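Below is one structure, written out as structure tokens; the observations come after it.
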Amino acid sequence: MQFAPHTEEDVREMLAACGLSSLDDLYAHLPEAVLLDRDLDIPAGLSEMELVAEMRRLAGLNRSADDLVCFAGGGAYDHYVPSLVWALTGQSELYTSYTPYQPELSQGVLQALFEYQSMICELTGLEVSNASLYDGPTALVEAVHMARSATRRDRVLVSGALDRRYVKTLRTYGGGPGYRPEVMEADGALTAIPRVGDDVAAVIVQYPNFFGALDRAREVFRAARAAGARAIQVFDPLSLGILPSPAELGADIAVAEGQVLGNHLSYGGPYLGVIAARSQDIRRMPGRIVGETTDVEGQRGYVLTLQAREQHIRRERATSNICTNQTLMAIAATVYLAWLGPDGLRELGRQCLAKARYAAESLAALSGCELVWPEAEVFKEFAVRPGRDAEEVQSRLIGMGFLAGPVLQEEAALLVSVTERRTRDEIDRFVKAFEEAIS
Amino acid sequence: MRDGAPVRAQGAAVGQRGLLERSKAGRRAWSLPELDVPEVELPEVHRRSTEPGLPRVAEVDVIRHFTRLAQMNYGIDTGFYPLGSCSMKYNPKVAETVAALPGFQRLHPHQPEETIQGALELLWRLERALCELTGMARVTFQPPAGAGGELTGLLVMRAYHTKSSGGPRGKVIIPDSSHGTNPASVTAAGYRVVQVPSDSRGLVDLGQLERLVDEDVAGLMLTNPNTLGLFEVEIQGIAAALHRVGALLYYDGANLNAIMGRVRPGDMGFDIVHMNTHKTFATPHGGGGPGAGPVAVNARLERFLPAPVVAFDEDGGRYSWDHDRPDSIGHVHGFHGNFGVLVRAFAYVFGHGRDGLREVGERAVLNANYLASKVKGSYPLAFEGPPMHEFVSTAKPLRKHGVRAMDVAKRLIDLGFHPSTVYFPLVVEEAMMVEPTETETKETLDAFAEALLRVANEAAEDPNLLHEAPVTTPVRRLDEAKAARELKLRWSGQHGDGGGADAESVRTAADHPTI
């Protein structure tokens, strides 16, 4: 493959115009000691047909959610992606553009992002959203950064029922500024109401939590806010047709993994970091924000705004280092939410809730198998203890065409997630396979 | 009209309606199967009390709306996009075809290793190729973009110093011409920024650097070619100055495109390298992302990389994730990075192969040199040195006509081109940073040069033409000060007490860099 369009004659003419005689001359001023004096040890190039064949071979070595019925969750979910989402998001003019630095040429991306921000505000009940971050866990890192800067405090408390990937990511990025997330006491599948000292910057609860349970977010957030800390919620955007919004629960800042909004599973990325906050924190928001304005003729238009927060202006004093974000995923989310509307969102939530409950009750009825927290109200996933090695059960299920997980080592359990996509028949067959896998 | 200029008027679509304005009670686009299991009631405390204000629209409304939005946008597929520092090259369609294979696109990130052998092989081979390209030992694929790569590299730097010299050290040096993400990442990694000035050639001032280097310096972040498009010819001296005090040299891969197959960061003395797949390896920029920012390090730093890394058991022919990394800095992404983007990068790297990649670099440098030679008479180069893959000119000579670089940019839009980056790097007055990339024809470059020269003449003869530009776009120049002052960030206009911006946030388009 080669996409540089130069003919030999072009190369000659262009070199001559520069007063050069060979391509080597372009590098003649470089110190000789650093020049590579051999070919790269990378295979020779391929034609498009050869490349496609090789990529098909590699893809064929994987088993995807197309040939395994997907009951896996833990932060990435097999929701249905309607046909129009990528037909529209994939349009060249959006797909092959970059950050809208020249707004007159970028009204498409800018308006789509403005609509994305609006929808995120509508979903969360909070006042401001940015134009996207990388993924859920890195969005939480940014939220904690906002909270620490707003409160000028250091400590960060996280729920014991927060997805462990979020905790690990927070711990890694905390290494720079020097904080360490402290895990709050758990009460079964839920977070115990903490004592929040006046040195706490942020209190983080996931709702629905890592175990799928509807946690005690209201009470924990009340305690956090009474102590002057920022209440941060990790939420599921697709739960918000039926579950209370972050604003209703009392969150100051809400972050989410936006993969569920029309984005493919894609082995963990590219996903979408969603963040929304109350207006008190607007100037601490990371990343791009789009605002509405007018042009010189008074026509409505959109621009990147509040750029004085950002790295290209504020440099070492920026609110974040983010530059390239996940705009395309945010556009996909906007198309998807436009397709769903408020009624589709409610119906989708209703189906996840009912199907997860049906699957949980069916699995709990198997002998030797139990729900880890039978009393918990869950949304679309739950933890099940299979009564034998969970990894082995997962592997046997794969053998029978079902994907479940992740495995929870500490709880000796398996997470099972049920989206609107799963039919009663698939759930029944899964339960049957499960019975066989644990026998 | 030339290639590319968005069409201003297409009937009633001018003054594009918002999605919400298309909403009508009773309309719907969604469809879901009937619920086939018993309904579940939640207790009141777990029920939403108000409906989110999403639009109710028909599928055809959604289609028309987003199709119209695409028509109001300009991408590489539309036309020339010489946005300096962003490597806006053609994004091969075959990369999209292969990334959409269900065996990649429909993989769940929690799948056990035995079901993802193809994905792991892909990452392993991509890692080997990137190590060869950069002269490094190992790669992490977790960082989701360039800035994420920078922060990851700096956290590796911190871990290294903490382990090897008992503390992380306090400062990181960056050149005054650097991209804004560099200083922002330095702060996020818990370091203080120390800036080294450029000398009269536009290169790192080696004398100044030597004075700044001490035992509290953790490292230096550098692009090479640098942000002015010039090769740091004293790179060996720079590396020696840093290594002498035990500090590390960080390669910001923003400009790697220029040197593929010719020079390797590792051979220049760099210890840590991040790459931007959306630049060098042509993965689509997506209107602002996603990217991917793999970070490569040399052998003495590999134990600090984020965990897990890919492992290959040659005897069993089996790939796995190696989680046993006690010195790892941890996790910098929720899962394994932007895998879907990496599939496209793999297609690009292996599709091109060793000769193709070298040619990419050569043609990118050729295009920049050719274009510079055609326009530097009217837009002088900021520095004398021979450009690599991009060049920085200045529109300063046009100032006497009351014309600024942004005016030139806006006029170029009317002539059918996406403008270059302007007002960056910050060290050049009226900067115009032009990166044509290798995928442009001589004819396109000629046409762009002709447009630039025409604009220079217009600046003298009819500067109003420039001040009023653009006039061919869906909207004309937008009031950025108003956007920041009146803050309308969502369609309801309810943004609480968000009004009243501080003085600094109402700087206008005329002031800030377009990068």
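Read-outs throughout are calculated quantities, based only on the coordinates presented, and are distinct from any laboratory measurement. Keep in mind it's a predicted model, so treat the numbers as computed, not measured. Virtual Cβ from ideal backbone geometry, glycine too; neighbours counted across all protein chains shown.
Some points to look at:
- In this label model, B:LYS163 and B:GLU113 are separated by 2.1 nm, measuring between points 7 Å along each Cα→Cβ vector.
- Acute angle (nearest 10 degrees) that the helix A:8-17 long axis makes with the longest principal axis of chain A, alpha-carbon atoms: 70 degrees
- Here the simple spin-label model places points 7 Å from the Cα toward Cβ, and for B:ASP199 and B:ASP446 these points are separated by 4.0 nm.
- Here the gap between B:LYS24 and B:LYS376, fully extended at 0.36 nm per residue and compared with their Cα-Cα distance, gives a gain of 121.1 nm.
- Once the C-beta distance of A:SER47 and B:THR67 is scaled by a Förster radius of 45 Å, the resulting FRET efficiency is 0.85 to the nearest 0.05.
- For the stretch A:311-370 and the stretch B:226-289, distance of Cα centres in Å: 37 Å
- Cut-off 17 Å, label 7 Å out along Cα→Cβ of A:GLU392, residues of the stretch A:419-439 by amide N: A:434-439
- Shielding score for B:56-66, defined as the mean number of other chain Cβ atoms within 10 Å: 5
- Packing rank of B:377-390, B:411-424, B:325-338, where each peptide gets the mean count of other beta carbons within 10 Å, highest leading: B:411-424, B:325-338, B:377-390
- Protection proxy ranking for B:34-44, B:480-490, B:439-449, using the average of other Cβ atoms within 10 Å per residue and placing the highest first: B:480-490, B:439-449, B:34-44.
- Percent antiparallel among DSSP beta bridges (both partners in the protein assembly as shown, rounded to 5): 60 percent
- On the beta carbon distance between B:SER49 and A:ASP154, with R0 = 30 Å, the FRET formula returns roughly 0.25.
- In this label model, B:GLU468 and A:ASP37 are separated by 6.3 nm, measuring between points 7 Å along each Cα→Cβ vector.
- As a rough footprinting exposure proxy, the listed residues A:MET400, A:MET329, B:MET406 were ranked by other beta carbons within 10 Å of their own, and the order from fewest upward is A:MET400, B:MET406, A:MET329.
- Full-stretch length increase - A:ALA364, A:GLU411 - with 0.36 nm per residue and alpha-carbon distance subtracted: 15.3 nm
- Judged by the gyration tensor of its Cα atoms, with axes a ≥ b ≥ c, chain B is oblate; a/c meets the 1.5 cut and b/c is at least as large as a/b.
- Nearest-0.05 FRET efficiency for A:ALA17 and B:GLU461, computed from C-beta distance (R0 35 Å): 0.80
- Ranked list, fewest to most other Cβ atoms within 10 Å of each Cβ, for A:CYS18, A:CYS323: A:CYS18, A:CYS323
- For chain A, the longest principal axis of the alpha carbon atoms and the long axis of helix A:48-60 meet at an angle near 20°.
- Among A:44-55, B:177-188, the order from most to least packed when residues are scored by Cβ within 10 Å on average: B:177-188, A:44-55
- When only Cα pairs below 8 angstrom with a gap of at least 6 residues are kept, chain B shows a relative contact order of 19 percent.
- Residue mean of other protein chain beta carbons inside 10 Å, A:392-404: 1
- Inter-chain Cβ neighbour count for B:359-372, averaged per residue, equals 5 (cutoff 10 Å, partner chain atoms only).
- Between 0 and 90°, nearest 10: helix A:390-399 axis offset from chain A longest Cα axis: 70 degrees
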